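**Q** Input: one structure, supplied below.
Bear in mind these aren't lab numbers, they're just calculated from the coordinates by the rules spelled out. Quick caveat, the model's predicted, so the values are computed rather than measured. So basically every Cβ, Gly included, is an ideal-geometry build from the backbone, and we count neighbours across all protein chains shown.
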Amino acid sequence: IPAWPPRRWTPPLSPDFPSAFDGYAKLFHVVWLAAFGYALEAWQVSAVRHILEVYPPGHRRAGQLRFRQVVVSLGRQNGKTEIAAAIGLWALLMKAAPNVVGIASSAEQARLVYKRTMRAIRGTPQLARLFKALTETRGIQTRDGGQYEIKAAKSAALQGIPIDVGLVDELHILARALWFDLINGMGGRPNCLVVGITTAGDEGSELLLHLYEQGSEAIETGPDGRFGFYVWEANAGKIPEDDDELARELARANPSIASGRVDLENAVTEVRSMPATDAVRYRLNRFVESVSQFITAAMWMDNFVREDWPAGVRPVFTIDRTPDWSAATVSAFGKRPDGRIYADVVASLVRPTQGQLVELAVQLNRDHNPQTFGMDSFTLRDLGRELELRGIPTTMAGVADVMNGSALFYSKLQQGQLAHPGNPIMAQQIPLTKRKDSDGGFKISRQASSAHIDAVMGHVIGVQLTDNLRDNALQMF
């Protein structure tokens, strides 16, 4: 791929190789302009050409697709959906009655590519005439009996289905068996293809690790291999301290930056504000550990202030306990006049009972008129119910809240938007708190952490609540 090459890729059989996309390139240029108002970028066209390389005249498989499996890996927000949609549309046009299947870890993710393909068709009336049905849920159907459908991420949904082209999004979170179900669906027929497009994963990404290994072997094998592998990635899995070097690494992992479509200076600034693990994985496109340190002690102390609670501010209290009830922490949060969130531990209990926590909450509610008491809906469900029965404002935080709160807590610390007086419990727990990556984000993990993190969990919930709640003292009803 001459213009913006991947760091690792399967070279073509010849510099001027033929591609099954060549006869469609001008059409797709018109379609994308009509449907979206822009054309596919040069690197995207080049990538599709490579993916759809065919054997040259004189070869025993002349005219057939070279690859049976293809993996494309690059940083987020580069236009992966455009590449997959182009292949999906090509698949619907390439032969009579094709069966195209889209799959991802979730139906919503798989529909991103599907909807892009459908929009390309709808946006071009001359092209739309070739199709009998274009629906959100029942598939795209061609007039000659072909179709493009989204299938559930379950092996049962793929059993016995003949597949001409399989499109897989975000391989790093897909079950390994599903990829091979698609491979089996090709049944040895020529001109069938399964394409997976993804970002890097972690050590738990079993399927993607296997496909990376296959891809490396394919590069070494040479022209006889039928596995296409195209990986845009940085040279190393760490964030360079020098901005110029970071810019070069970002360009290696993100062809949209190398092409000039994405502003390089903005990209460098965004990476500097991200958690290092996320920046390495999603922007440098390198594998990371699935469990890593949440924040450093130095980052926590960068938000230290020698000030007391901001006067006149109604607090948000949080309560969290250790899994074995050996300790519990009560913390308070409030917005300062400068917009920073003040956070502090106000009580630490050893081997508390639920009754003691209820009594403490009643006293705090009476003395300080808080906006709410926040707590984990899993570990303190019964306490939350008891406080609600007593008329005390209570907010229960679920898994999504902890995930959002973890990202927000990190962001506030990174930007210097938190203020704390240096409580020793937090100073002890912060370096021992681990984050665990999950689909679409990360959260702090009690199980992965090397010590109890009840104070940190309370801070994650408290910062999230304080940032979202407004003081309602002046509201009229």
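**Q** Can you give the translational diffusion coefficient of the range 243-289 in µm²/s, computed by Stokes-Einstein from the Kirkwood radius over Cα pairs at 4 °C and 1.567 mPa s?
**A** The diffusion coefficient I find is 123 µm²/s.
**Q** Tell me the mean residue ellipticity at 222 nm calculated for the chain from its helices only (DSSP H runs of n ≥ 4, each -39500 (n - 2.57), averaged over every residue, nearest 500).
**A** Dividing the helical sum by the residues of the chain leaves -11000 deg cm²/dmol.
**Q** At most 14 other Cβ atoms within 10 Å and a DSSP loop assignment: could you name the trypsin sites (Lys or Arg not before Pro) in the range 42-75 that fit?
**A** Hits after loop and neighbour filter: R60, R61.
**Q** Still on this structure, please answer the following. Could you give the distance between the Cα centres of the range 34-101 and the range 325-380, to the whole Å?
**A** So the two Cα centres are separated by 56 Å.
**Q** Counting pairs of Cα atoms in the range 49-200, how many percent are more than 23 Å apart?
**A** 33 percent
**Q** Shifting gears a bit: Output the antiparallel fraction of DSSP beta bridges having both residues in the range 297-468, as a percent to the nearest 5.
**A** The antiparallel proportion sits near 65 percent.
**Q** Once you order the gyration tensor axes a ≥ b ≥ c over the Cα atoms, which shape class does the range 151-235 get: rounded for a/c under 1.5, otherwise prolate or oblate by comparing a/b with b/c?
**A** oblate
**Q** If the convex hull of the alpha-carbon atoms of the chain is projected onto planes in all directions, what is the mean projected area in square nanometres?
**A** 27.1 nm²
**Q** For Cα pairs less than 8 Å apart in space and 6+ apart in sequence, what is the mean separation divided by the residue count of the chain, i.e. the relative contact order in percent?
**A** Once normalised by length, the contact order is 14 percent.
**Q** If you restrict to DSSP beta bridges whose two residues both lie in the chain, what percentage is antiparallel, to the nearest 5?
**A** 50 percent
**Q** Let me spell out the model: positive unit charges on the Cβ of Lys and Arg, negative unit charges on the Cβ of Asp and Glu, origin at the Cα centre of the range 385-447. What dipole size does that give, in debye rounded to 20?
**A** 160 debye
**Q** Now for a different question. Once both axes come from the Cα atoms, what is the angle between helix 176-186 and the longest principal axis of the chain, in degrees from 0 to 90, rounded to 10?
**A** Taking the Cα atoms of the chain, the angle to 176-186 is about 20 degrees.
**Q** Here is a further query. Once you have all Cα-Cα distances for the range 206-246, histogram them in 10 Å bins from zero and send the whole-percent values.
**A** P(r) over the range 206-246, rounded to whole percents: 25, 38, 23, 15, 0.
**Q** Of the listed peptides 453-464, 195-206, 15-26, what is their order by residue-averaged count of other C-beta atoms within 10 Å, with the highest listed first?
**A** Listed from highest to lowest mean packing, they are 453-464, 195-206, 15-26.
**Q** Next up: Between the range 154-197 and the range 268-290, how far is it from one alpha carbon centroid to the other, in angstrom?
**A** Here the answer is 30 Å between Cα centres.
**Q** Separate question: Just order 103-114, 143-154 by mean Cβ neighbour count inside 10 Å, highest at the front, would you?
**A** 103-114, 143-154
**Q** Calculate, in nm to one decimal, what R314 and I219 gain on full extension: separation in residues at 0.36 nm each, minus their alpha carbon distance.
**A** 28.0 nm
**Q** Which value, in debye to the nearest 20, gives the size of the charge dipole of the chain about its Cα centre, when Lys and Arg are +1 and Asp and Glu are -1 at the Cβ?
**A** Here the size comes out at about 1620 debye.
**Q** OK, next. Quick one: Debye curve from the alpha-carbon atoms of the range 278-378 only, equal weights, vacuum; give me log10 I(q)/I(0) at q = 0.11, 0.21, 0.23 Å⁻¹ to two decimals.
**A** Evaluating at q = 0.11, 0.21, 0.23 Å⁻¹ gives log10 I(q)/I(0) of -0.50, -1.13, -1.22.
**Q** If you average the sequence gap of Cα pairs under 8 Å that are 6 or more apart and divide by the length of the range 332-425, what percent do you get for the contact order?
**A** It rounds to 35 percent for the range 332-425.
**Q** I would also like to ask the following. Take the range 30-89, compute every pairwise Cα distance, and split them into 5 Å bins from 0; I just need the percent in each bin.
**A** 4, 15, 23, 22, 14, 12, 6, 3, 0
**Q** Could you compute how fast the range 212-296 diffuses translationally, taking Rh as the Kirkwood radius over C-alpha pairs and applying Stokes-Einstein at 20 °C with viscosity 1.002 mPa s? Give it in µm² per second.
**A** Once the numbers are plugged in, D ends up at 151 µm²/s.
**Q** Compute the helix-to-body angle for 206-221: its Cα long axis versus the longest principal axis of the chain, expressed 0 to 90° and rounded to tens.
**A** 40 degrees
**Q** Still on this structure: Angle between the Cα long axis of helix 25-36 and the longest principal axis of the chain, 0 to 90 degrees, nearest 10?
**A** Roughly 40 degrees between the two axes.
**Q** A follow-up question, please. By what distance, in whole Å, do the Cα atoms of the range 409-469 stretch along each of the three principal axes, largest value first?
**A** Extents along the principal axes, in whole Å: 31, 27, 19.
**Q** Could I ask something else about it? I'd like the per residue volume of the convex hull spanned by the Cα atoms of the range 297-468, given in cubic angstrom.
**A** 108 Å³
**Q** I would also like to ask the following. If you average 1/r across every pair of different Cα atoms in the range 113-171 and take the reciprocal, what Kirkwood value do you get, in Å?
**A** 12.7 Å
**Q** When F229, F36 are ordered from fewest to most other Cβ atoms inside 10 Å of their Cβ, what list results?
**A** Ordered from fewest to most neighbouring Cβ atoms within 10 Å, F229, F36 come out as F36, F229.
**Q** Tally the DSSP beta bridges in the range 8-231 and give the antiparallel ones as a percent, rounded to 5.
**A** Of all bridge pairs located within the range 8-231, approximately 30 percent are antiparallel.
**Q** Okay, next question. Take D16 and R122, extend 7 Å from each Cα along the Cα→Cβ direction, and tell me the distance between the two endpoints in nm.
**A** Distance between the two pseudo-spin positions: 4.3 nm.
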